[in-house]
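No lab work stands behind these numbers, since they all come straight from the coordinates. Not measured: the values here are computed from a predicted model. Heads up, the Cβs are rebuilt from the backbone with ideal geometry, glycines too, and the neighbour counts pull from every protein chain shown.
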Ligand code: AMP
């Protein structure tokens, strides 16, 4: 029978790669928690209307890239192309703004879906980690979100990220700028691409981001947002740039930066990183302020600001740079049972160790020692615990240190404790420096529940 492949533009996450995604999400979530963020998970499908209204009818995402389907109840649904609209919908539907202090701070992660042409760093199902801060209108809210993004990238191991910021302004200024763009583009419109014809009517700012070559040339001479920004917009940009510099972070003000979603206003930003291979995966993340999105989806007049990282892009770059080498499946030990008569005792030991948090596997059928040691080694195990007929008769276990190639014999009734000690588990920590984990155990010290090992 013919094999069935994963759909075009999607990929399976297997083993260490899946672990790396969990690891990246853990780091992102942890740093977000330092900034007061808590998780918020929304469905991966929503009413189509949410994205049409929220992300914007004129965006490529809504016009061309959404996975839309009718459910059995004849509702028109869409797989989410991004996370912000869903979070905002949830904030409104659950009236979170009425029962919690503002700004609300939430983070999310999960798959997003866009029917795009697959290429390097671009998929039809991809994963994002993102945050939304809703209900704060000060420049510190912007600064906090940008700083959180950069802090997270640093925690993941990125060293020289390029951060670009711009302001799309708001209110009247934005309308004046749009009008100026329309006036500029009007005589060229008949020669422009079909998408730009629609953008012209719905959101002329998006015309600046067109990827059609002749339209890109036109964009170069288009009126610049910098000529329209108010003194306050410029002040905000400078404040963010200087504040970040104060924390040792370089940013570039790029007046040509526009982002692919309609809801942005005020400060927007984007992060890029070119790995040593010089492969360009595209932006690793971006975000910005949105002043009308909450009210457009039917909520109160609250502003928000957020960002999202593309996890596939983070993964490829971190992998290339060797920053994910430590994230891999690794057993602590392998139990090697020889002969059926040893299987029961070996299995009982395996279970005992596992319940204590030891990562262990065991062979259930006889194989040569050579092939079993190879399996143990391949899985990173440091010890092989051997149980054969002799061991069962004497009620002891042979513990072999696979690197040192030495072995000792340990009685059944001591083996679990012996292995936990040898692996450095369950050791009582005291504050006198004998501890090798990163946890704070208080001034008088107490037993640590972590899996930190002495041999780490
Ligand atoms: P956006 O939601 O368009 O602002 O995108 C935020 C981030 O998600 C981008 O900077 C990318 O890292 C990532 N991203 C967006 N679209 C895709 C895609 N089709 N495939 C992979 N990553 C994507």
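Note on residue 280 and residue 367: their simple-model spin labels are 4.7 nm apart, each label 7 Å out from Cα toward Cβ. Based on Cα contacts under 8 Å between residues 6+ apart, the chain shows a relative contact order of 14 percent. Helix 16-34 axis versus longest C-alpha principal axis of the chain: approximately 60°, rounded to the nearest ten. I'd like the orientation of helix 171-185 relative to the chain: the angle between its Cα long axis and the longest Cα principal axis, in ° from 0 to 90, rounded to 10. Tilt of helix 171-185: around 70 degrees. Directionally averaged projected area (segment 194-296, Cα convex hull): 8.8 nm². Highest mean packing comes first when the peptides 95-108, 26-39, 263-276 are listed by Cβ atoms within 10 Å, giving 263-276, 95-108, 26-39.
Principal-axis analysis of the Cα atoms of the chain puts helix 139-156 at an angle of about 40° to the longest axis. Its alpha carbons considered, the chain gives a radius of gyration followed by a Dmax of 28.0, 94 Å.
Panel order for 362, 334, by other beta carbons found within 10 Å of each beta carbon, from fewest to most: 362, 334. Each residue, residue 120 and residue 16, gets one label point 7 Å from its Cα in the Cβ direction; the gap between the two is 2.3 nm.
If we sort 124-136, 205-217, 378-390 on the protection proxy, mean other Cβ atoms within 10 Å, highest first, what's the order?
Averaged packing, sorted descending, gives the order 124-136, 378-390, 205-217.
With neighbour counts taken as other beta-carbon atoms within 10 Å, the residues 65, 395 rank, fewest first, as 395, 65. When you restrict to C-alpha pairs under 8 Å that are six or more residues apart and normalise by the size of segment 92-202, the relative contact order lands at 17 percent. Fewest-first ordering of 221, 352, 169 by other beta carbons within 10 Å of each residue's beta carbon gives 221, 352, 169.
Shape index of segment 9-83: Rg/Rh, with Rg the Cα radius of gyration and Rh the Kirkwood radius from the inverse mean 1/r over Cα pairs, equals 1.08. With distances taken between every two different alpha-carbon atoms, segment 127-210 has a Kirkwood hydrodynamic radius of 16.0 Å.
The shape of segment 62-196 can be summarised by an equivalent ellipsoid whose semi-axes, obtained from the alpha carbon gyration tensor, come to 28, 25, 21 Å from longest to shortest.
Remark: spin-label model distance residue 198-residue 232 equals 3.4 nm, labels positioned 7 Å along the Cα→Cβ axis.
What value, in deg cm²/dmol to 500, does the helix sum -39500 (n - 2.57) over DSSP H runs of n ≥ 4 give at 222 nm once divided by the residues of the chain?
Computed ellipticity for the chain at 222 nm equals -11000 deg cm²/dmol.
Counting only DSSP beta bridges with both residues in the chain, the antiparallel share comes to about 80 percent.
If you plug the beta carbon distance of residue 390 and residue 351 into 1/(1 + (r/R0)^6) with R0 = 30 Å, you get a FRET efficiency near 0.85.
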